[in-house]
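Right, one structure below, let's go through it.
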Amino acid sequence: MELRHLRYFIAVAQELHFGRAAQHLGISQPPLSQQIQALEQELGARLFERTNRRVELSEAGRLFLEEARLVLAQVDKAADVARRAQLGELGEMKIGFTSSAPFNFSIPKAIYAFRQRFPAVHLNLSEMSSQAVADALLDESIEVGLMRPLALPDSLVATELFREPLVAVINAAHPLAEGSERGVHMAALADEPFVFFPRSYGSGLYAQLLSLARQAGFSPHFAQEASEAMTIIGLVSAGLGVSVLPASFQRMRIDGVVYRTLLDDGADTAVWLVQRRESPSAMADAFAALLRGEHGLGIGGLDGAS
């Protein structure tokens, strides 16, 4: 039995006239009659009662009609599911993001817009370090990554979404906190103990901090390490040292901490959207387009980076 047999049968059942059904199907009447006869033989049941004057459904035909319609409806649904999945409108999309990414307004805005536009797509969001984001893209456990700049293999491609200043995170009682509202230079932190991510964590900020310190003529002393930015800020509040973080973290208001913009050249950082270069998913492309502001979200102004 083929799907065309069911379509032929439904056409005749609706018209109760072989000629009109054949015309509706765009075929001649003799092949249609032959196909219906072949279907009846395969089923071992008479589907139509035929006379010279009219055609009527038999009891078996009436019951078969209900099932045939269900089968074709399910086939159409399956085809629609496949088409929508190909277009990125169904399924699951796994996104890995560095901890500071959600603090920039454009990223939560794009996530919300994606959910509104593609409600049948489940977003699986995982917070991880920038290096872990790159690794997860390589082993295909995520489709899209939001990360700080790192050296990437050729198999990954990055788009710079935005740049933001770096800020010094200073205990509010520290002498550096007073009178420095316009910002501080990295050199002012030279003698301070630092609270920062471990080198092994894979933060995209680690190498940049070392580079800024070298430009300022010193090597930072890491007195305390923590893998969560919230913990780093809390440790600064407890008086264990200073830190340097993206300006997005200023939204985390913690008593006993002030943020001061770093005034050194190059004291800013980017957030990249990263995908696999080969065979990116349609869902990933749709999400990337929203982040790039291609659908009027007002995010815009983004440049490519590799």
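What follows is calculated from the coordinates using simple rules that are stated; it is not laboratory data. Nothing here was measured: the structure is a model prediction, and the numbers come from that model. Reconstructed Cβ throughout: ideal geometry from the backbone, glycine too, with neighbour counts over all protein chains shown.
Using 0.36 nm per residue, how much length does the chain from Gln37 to Glu278 gain when fully extended, once their Cα-Cα distance is taken away?
Details: separation 241, 0.36 × 241 = 86.76 nm, distance 5.09 nm.
Here the segment from Gln37 to Glu278 would lengthen by 81.7 nm.
Here the chain is treated with +1 on each Lys and Arg Cβ and -1 on each Asp and Glu Cβ, and its dipole about the Cα centre works out to around 1040 debye.
Note on region 164-268: with charges restricted to the Cβ of Lys and Arg (+1) and Asp and Glu (-1), its dipole about the Cα centre is near 100 debye.
Hydropathy at least -1.0 by Kyte-Doolittle, axial extent at least 20 angstrom from the Cα trace: which helices of the chain, defined as entire DSSP H runs, fit?
Details: long enough: 29-43 (21 Å, -0.72); 59-86 (41 Å, -0.13).
Helices meeting the criterion: 29-43, 59-86.
Considering only Val144, Val55, Val184, the Gaussian network model of the chain with Cα springs below 10 Å gives its largest mean-square fluctuation to Val55. Placing a label point 7 Å from the Cα of Arg53 along the Cα-to-Cβ direction, the residues of region 9-34 whose backbone N falls under 20 Å from that point are 15-20.
Calculate, in nm to one decimal, what Lys109 and Glu225 gain on full extension: separation in residues at 0.36 nm each, minus their alpha carbon distance.
On the way: separation 116, 0.36 × 116 = 41.76 nm, distance 3.18 nm.
Full-extension gain reported as 38.6 nm.
Size descriptors for region 71-215: radius of gyration and Dmax over Cα atoms are 21.2, 77 Å. The orientation-averaged shadow of the Cα convex hull for region 3-86, equal to a quarter of the hull surface, comes to 6.0 nm². Once C-alpha pairs closer than 8 Å and six or more residues apart are averaged by separation and normalised to the residue number of the chain, the relative contact order reads 21 percent.
Taken as Cα centroids, region 9-72 and region 190-247 sit 77 Å apart, rounded to the nearest whole angstrom. Of the Cα atoms belonging to region 141-284, the radius of gyration and Dmax stand at 16.4, 54 Å. On the basis of the beta-carbon distance and an R0 of 51 Å, Gln14 and Leu138 show a calculated FRET efficiency of 0.40. Modelled spin labels at Arg117 and Ala73, positioned 7 Å past Cα toward Cβ, are 3.2 nm from each other.
For Tyr112, Tyr8, Tyr201, what ranking results if the residue with the fewest other Cβ atoms within 10 Å of its Cβ goes first? Before the final figure, lay out the partial values.
On the way: Tyr112 12, Tyr8 24, Tyr201 18.
So the residues, fewest neighbours to most, are Tyr112, Tyr201, Tyr8.
Taking 25 °C and 0.890 mPa s as conditions, the chain diffuses translationally at an estimated 102 µm²/s according to Stokes-Einstein applied to its Kirkwood radius (Cα pairs). When Rg and Dmax are taken over the Cα atoms of region 111-169, they come to 13.9, 42 Å.
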